[in-house]
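Engineer: Sharing a structure below in C-alpha coordinates format, with a few things to ask.
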Amino acid sequence: MKILFIGNSHTFVNGMPFIFSGLSKARGGAGADVFMLASPGVSLGWHAGQPETLANITCGNWDYVILQQVAHPFAGRENLLEESRKLVEIIKTTRAQPVLYMPWASKKEPGMQAELEAGFSAVSRELGALVAP
(Lines give C-alpha, C1' and ligand atoms only; values in the text may rest on other atoms or scores of the structure.)
Protein backbone atom coordinates (compact mmCIF):
# COMPACT_ATOMS: atom_id res chain seq x y z
CA MET A 1 0.00 0.00 0.00
CA LYS A 2 1.32 3.45 -0.93
CA ILE A 3 0.17 6.43 1.12
CA LEU A 4 0.99 10.12 0.71
CA PHE A 5 0.49 12.31 3.81
CA ILE A 6 0.00 16.05 3.20
CA GLY A 7 -0.26 18.38 6.17
CA ASN A 8 1.50 20.34 8.88
CA SER A 9 2.82 19.69 12.37
CA HIS A 10 0.00 17.31 13.29
CA THR A 11 1.39 15.10 10.54
CA PHE A 12 5.15 15.44 11.09
CA VAL A 13 5.88 16.16 14.77
CA ASN A 14 5.33 12.58 15.92
CA GLY A 15 6.05 11.04 12.52
CA MET A 16 2.43 10.02 11.88
CA PRO A 17 3.18 8.37 8.50
CA PHE A 18 5.91 6.22 10.04
CA ILE A 19 3.75 5.30 13.04
CA PHE A 20 1.06 4.19 10.60
CA SER A 21 3.53 2.13 8.61
CA GLY A 22 4.88 0.52 11.77
CA LEU A 23 1.39 -0.34 13.02
CA SER A 24 0.51 -1.97 9.72
CA LYS A 25 3.65 -4.14 9.98
CA ALA A 26 2.93 -4.99 13.61
CA ARG A 27 -0.47 -6.37 12.63
CA GLY A 28 1.18 -8.91 10.34
CA GLY A 29 0.99 -6.88 7.16
CA ALA A 30 3.68 -5.85 4.76
CA GLY A 31 3.61 -2.30 6.06
CA ALA A 32 2.89 0.75 4.04
CA ASP A 33 5.13 2.71 1.73
CA VAL A 34 4.65 6.25 3.08
CA PHE A 35 5.80 9.68 1.98
CA MET A 36 5.14 12.99 3.69
CA LEU A 37 4.77 16.58 2.50
CA ALA A 38 4.41 18.67 5.65
CA SER A 39 5.46 22.09 6.91
CA PRO A 40 4.65 23.82 10.21
CA GLY A 41 1.42 25.79 10.32
CA VAL A 42 0.54 25.51 6.63
CA SER A 43 -2.91 24.90 5.20
CA LEU A 44 -4.07 22.59 2.46
CA GLY A 45 -4.57 25.69 0.32
CA TRP A 46 -0.86 26.41 0.66
CA HIS A 47 -0.03 22.84 -0.32
CA ALA A 48 -2.33 23.12 -3.36
CA GLY A 49 -0.16 25.98 -4.64
CA GLN A 50 3.10 24.02 -4.40
CA PRO A 51 4.37 22.32 -7.58
CA GLU A 52 5.88 19.44 -5.60
CA THR A 53 2.49 18.68 -4.02
CA LEU A 54 0.77 18.44 -7.39
CA ALA A 55 3.63 16.40 -8.88
CA ASN A 56 3.61 13.97 -5.98
CA ILE A 57 -0.17 13.48 -6.13
CA THR A 58 -0.30 12.92 -9.88
CA CYS A 59 2.88 10.87 -10.32
CA GLY A 60 3.10 8.87 -7.10
CA ASN A 61 0.72 6.03 -7.93
CA TRP A 62 -0.75 6.27 -4.40
CA ASP A 63 -3.50 4.14 -2.90
CA TYR A 64 -4.47 6.89 -0.44
CA VAL A 65 -3.65 10.56 -0.04
CA ILE A 66 -4.17 11.77 3.54
CA LEU A 67 -4.99 15.50 3.84
CA GLN A 68 -4.52 17.26 7.17
CA GLN A 69 -5.78 20.85 7.45
CA VAL A 70 -4.76 23.46 10.03
CA ALA A 71 -6.98 22.97 13.07
CA HIS A 72 -5.58 25.27 15.77
CA PRO A 73 -7.47 27.44 15.35
CA PHE A 74 -10.12 25.61 13.31
CA ALA A 75 -11.46 28.11 10.77
CA GLY A 76 -14.70 26.19 10.26
CA ARG A 77 -16.41 23.93 7.76
CA GLU A 78 -16.48 26.39 4.84
CA ASN A 79 -12.75 27.03 5.13
CA LEU A 80 -12.04 23.30 5.29
CA LEU A 81 -14.16 22.76 2.19
CA GLU A 82 -12.46 25.58 0.29
CA GLU A 83 -8.95 24.49 1.31
CA SER A 84 -9.57 20.79 0.57
CA ARG A 85 -11.55 20.96 -2.66
CA LYS A 86 -8.70 21.54 -5.14
CA LEU A 87 -6.52 18.76 -3.75
CA VAL A 88 -9.41 16.30 -3.58
CA GLU A 89 -10.32 17.07 -7.20
CA ILE A 90 -6.72 16.41 -8.28
CA ILE A 91 -6.53 13.22 -6.22
CA LYS A 92 -9.71 11.96 -7.90
CA THR A 93 -7.99 12.17 -11.31
CA THR A 94 -5.66 9.42 -10.05
CA ARG A 95 -6.36 5.97 -8.66
CA ALA A 96 -5.89 7.22 -5.08
CA GLN A 97 -8.62 7.65 -2.49
CA PRO A 98 -8.61 11.03 -0.69
CA VAL A 99 -8.78 10.91 3.12
CA LEU A 100 -9.34 13.89 5.41
CA TYR A 101 -7.27 13.46 8.57
CA MET A 102 -9.24 15.01 11.43
CA PRO A 103 -6.97 16.24 14.24
CA TRP A 104 -8.00 16.79 17.81
CA ALA A 105 -9.16 20.01 19.44
CA SER A 106 -6.55 22.04 21.26
CA LYS A 107 -6.13 21.55 25.00
CA LYS A 108 -7.26 25.16 25.47
CA GLU A 109 -10.54 24.55 23.61
CA PRO A 110 -11.62 20.92 24.11
CA GLY A 111 -15.22 21.90 23.31
CA MET A 112 -14.16 22.50 19.69
CA GLN A 113 -13.95 18.73 19.09
CA ALA A 114 -17.65 18.56 18.25
CA GLU A 115 -17.25 21.35 15.68
CA LEU A 116 -14.19 19.62 14.19
CA GLU A 117 -16.08 16.34 13.92
CA ALA A 118 -19.14 17.96 12.34
CA GLY A 119 -17.06 19.99 9.89
CA PHE A 120 -14.83 17.13 8.77
CA SER A 121 -17.77 14.73 8.45
CA ALA A 122 -19.79 17.19 6.32
CA VAL A 123 -16.85 18.06 4.06
CA SER A 124 -15.90 14.42 3.57
CA ARG A 125 -19.45 13.63 2.45
CA GLU A 126 -19.61 16.65 0.15
CA LEU A 127 -16.26 15.89 -1.52
CA GLY A 128 -16.61 12.11 -1.55
CA ALA A 129 -13.54 11.61 0.64
CA LEU A 130 -12.98 9.30 3.58
CA VAL A 131 -12.44 10.81 7.01
CA ALA A 132 -9.89 9.49 9.52
CA PRO A 133 -10.39 10.81 13.06
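The values are calculated or read from the model by the stated rules, or taken from the named source; none is laboratory data. Bear in mind the structure is a predicted one, so any value in this text is a computation, not a measurement. As a convention, Cβ positions derive from the backbone with ideal geometry for all residues, glycine included, and neighbour counts pool all protein chains shown. Surface areas here come from the heavy atoms of the whole protein model, side chains and all, with no ligands, DNA or RNA. Shrake-Rupley method; radii C 1.70, N 1.55, O 1.52, S 1.80 Å.
Engineer: How large is the Rg to Rh ratio of the chain when both quantities use alpha carbon positions and Rh follows Kirkwood? Walk me through the numbers on the way to the answer.
Structural biologist: Numbers: Rg = 14.1 Å, Rh = 14.9 Å.
Taking Rh as the inverse mean 1/r over Cα pairs, Rg/Rh reads 0.95.
Engineer: By a straight-distance test (C-alpha under 20 Å), which aspartates and glutamates pair with residue 107 as possible cross-link partners, with residues fewer than eight away in the same chain excluded?
Structural biologist: Candidates past the 8-residue exclusion: 115, 117.
Engineer: If I model a spin label as a point 7 Å beyond the Cα along the Cα-Cβ vector, how far apart are those points for residue 117 and residue 58 in nm?
Structural biologist: With each label placed 7 Å out from Cα toward Cβ, I get 3.9 nm.
Engineer: If you roll a 1.4 angstrom probe over the protein chains with everything in place, what fraction of the accessible area of the chain belongs to carbon and sulfur, to the nearest %? List each step's numbers first, then the result.
Structural biologist: Values: 3930 of 6860 Å².
The nonpolar share, carbon plus sulfur, comes to 57 percent.
Engineer: Taking the Cα centre of the range 1-96 as origin, sum charge times position over the Cβ atoms of Lys and Arg (+1) and Asp and Glu (-1), and report the length of that vector in debye to the nearest 20. Let's see the in-between values first.
Structural biologist: Details: 8 positive and 7 negative charges, 57 e Å.
Once rounded to the nearest 20, the dipole reads 280 debye.
Engineer: Here is a further query. Would you mind working out the accessible area per residue for the range 39-100, using a 1.4 Å probe, and quoting it in Å²? Show your work: numbers first, answer last.
Structural biologist: Values: 2840 Å² over 62 residues.
For the range 39-100, the per-residue accessible area is 46 Å².
Engineer: In a GNM of the chain with a 10 Å cut-off on Cα contacts, which of 85, 77, 27 has the highest mean-square fluctuation?
Structural biologist: Comparing 85, 77, 27 in the GNM, the peak value goes to 27.
Engineer: If the elastic network links every pair of Cα atoms under 10 Å, which of 99, 13, 70 fluctuates the most in the Gaussian network model of the chain?
Structural biologist: Comparing 99, 13, 70 in a Gaussian network model of the chain, the most mobile one is 13.
Engineer: Continuing with this model, one more query. Hey, in the GNM for the chain with a 10 angstrom Cα cutoff, which one of 19, 90, 66 fluctuates hardest?
Structural biologist: Looking only at 19, 90, 66, the largest GNM fluctuation is found for 19.
Engineer: At 222 nm, what helix-only mean residue ellipticity would the chain give, in deg cm²/dmol to the nearest 500, using -39500 (n - 2.57) for each DSSP H run of four or more?
Structural biologist: Details: 6 runs with 59 residues, N = 133.
The per-residue figure over the chain is -13000 deg cm²/dmol.
Engineer: Lys/Arg Cβ at +1, Asp/Glu Cβ at -1, dipole of the chain taken about the Cα centre: which of 30, 106, 133 is farthest positive-ward?
Structural biologist: Toward the positive end, the furthest listed residue is 30.
Engineer: Still on this model: Which lysines, on any chain, are close to residue 2 with Cα under 18 Å apart, when same-chain ones fewer than 8 places away are left out?
Structural biologist: 25, 92
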